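Bear in mind that the values in this text are calculations on the coordinates, not laboratory data. This structure is a prediction, so every number in the text was calculated from the model and none was measured. With ideal geometry, Cβ positions are generated from the backbone for all residues, glycine too; neighbour counts draw on all protein chains shown.
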Amino acid sequence: MKRSPRKVIDTNLVLSALVFTGGRLAPLRLAWQGQHLLPLVSSATVAELIRALAYPKIKLAAHEQEELLADYLPYCKTVRIPGPPPATPPCRETFDVHFLELALAGKADALISGDKDLLSLNGKLACPILTAEEFMRASDIAR
């Protein structure tokens with residue numbers, strides 16, 4: 001049986017795919033639901049997603065936040081980041097390092113991001129760092 005590609009998806013993309021079900025990232029959500037990709041998460045990236053779902057500007061009630069988490073986390077594989085964590089390329093944003101560590105520790109096939117700081121590191125990590133559009137085009141899941 002073929003394994004689903006292991007992907008690290010940054011918080012903003014996960015959040016958009018969950019909240020805007022008819023938006024441009026809907027195919028990404030359908031890809032994890034259909035097990036066409038296996039999202040990797042760590043305790044740090046899940047904590048960031050939980051914080052982001054509670055942002056006042058998103059205006060989600062607690063039960064809505066829980067429903068969205070339930071539509072993502074069961075499809076994910078949790079990766080324990082070892083201590084010391086894997087060495088990552090220098091990154092301007094401290095929190096972005098968690099995604100780089102997760103990609104390395106989880107042996108990700110790609111890191112999918114809309115973050116310019118992360119995208120600028122493409123070629124400096126063991127896996128490619130792609131925009132959502134690049135990933136969906138390459139995977140032919142945009143349809």
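Provide the gained length on full extension for the span Leu69 to Ser120, in nm with one decimal, where the gain is 0.36 nm per separating residue minus the Cα-Cα distance.
15.5 nm
Taking amide H positions as placed 1.01 Å from N in the peptide plane, with prolines and chain starts having none, which residues 5 or more places from Ile129, or on another chain, fall under 5 Å of its amide H?
Residues meeting the amide H criterion: Leu111, Gly123.
As a test of the definition: which semi-axes, in Å, follow for the stretch 6-139 when you take the square root of five times each eigenvalue of its alpha carbon gyration tensor? Largest first, please.
For the stretch 6-139, the ellipsoid semi-axes come out as 23, 17, 14 Å.
Would you grab the residues whose amide H sits under 5 Å from the one on Ile81? Only those 5+ places off in sequence or on another chain, please, with H modelled 1.01 Å from N.
Ser43
Could you tell me which of Thr131, Pro56, Phe95 has its Cα farthest along the dipole of the stretch 6-139 towards the positive end, charges placed at Cβ (Lys, Arg +1; Asp, Glu -1), taken about the Cα centre?
So the residue furthest toward the plus end is Thr131.
Please rank Phe135, Phe99, Phe20, fewest neighbouring Cβ atoms within 10 Å first, as an exposure proxy.
Phe20, Phe135, Phe99
Calculate one ³J(HN,Hα) per residue across the stretch 71-86 by plugging θ = phi - 60° into the Karplus curve 6.51 cos²θ - 1.76 cosθ + 1.60, and present them in order as whole Hz with x for glycine and proline.
8, 10, 4, x, 8, 9, 10, 7, 10, 7, 7, x, x, x, x, x
For Thr78 and Ala62, calculate 0.36 nm times their separation in residues minus their Cα-Cα distance, and state this gained length in nm to one decimal.
In short, 3.5 nm is gained.
What are the ³J(HN,Hα) couplings of the stretch 5-12, residue after residue, when phi is run through the Karplus curve with 6.51, -1.76, 1.60 and θ = phi - 60°? Round to Hz, x for glycine and proline.
x, 8, 10, 9, 10, 5, 4, 4
Express the relative contact order of the chain as a whole percentage, based on alpha carbon pairs under 8 Å and six or more residues apart in sequence.
Computed value for the chain: 29 percent relative contact order.
Pick out, in residue order, every one of the trypsin sites (Lys or Arg not before Pro) in the stretch 8-66 that is DSSP loop and has at most 12 other C-beta atoms within 10 Å; say none if there are none.
For trypsin sites (Lys or Arg not before Pro) across the stretch 8-66 that sit outside H, G, I, E and B with at most 12 neighbouring Cβ atoms in 10 Å, the list reads Lys59.
Whole-Hz Karplus ³J(HN,Hα) for the stretch 45-61, in order, using 6.51 cos²θ - 1.76 cosθ + 1.60 and θ = phi - 60°, x for Gly and Pro?
6, 5, 4, 5, 5, 4, 4, 5, 5, 8, 4, x, 5, 7, 6, 9, 5
So who's got an amide H within less than 5 Å of the one on Leu40, skipping anything under 5 residues away but keeping other chains? H placed 1.01 Å off N, in plane.
Correct list: Lys7, Val8, Ile9, Lys77.
How big is the dipole moment of the chain about its Cα centre under a simple scheme where the beta carbon of each Lys and Arg is +1, that of each Asp and Glu is -1, and everything else is neutral? Debye, nearest 20, please.
The calculation lands at about 320 debye.
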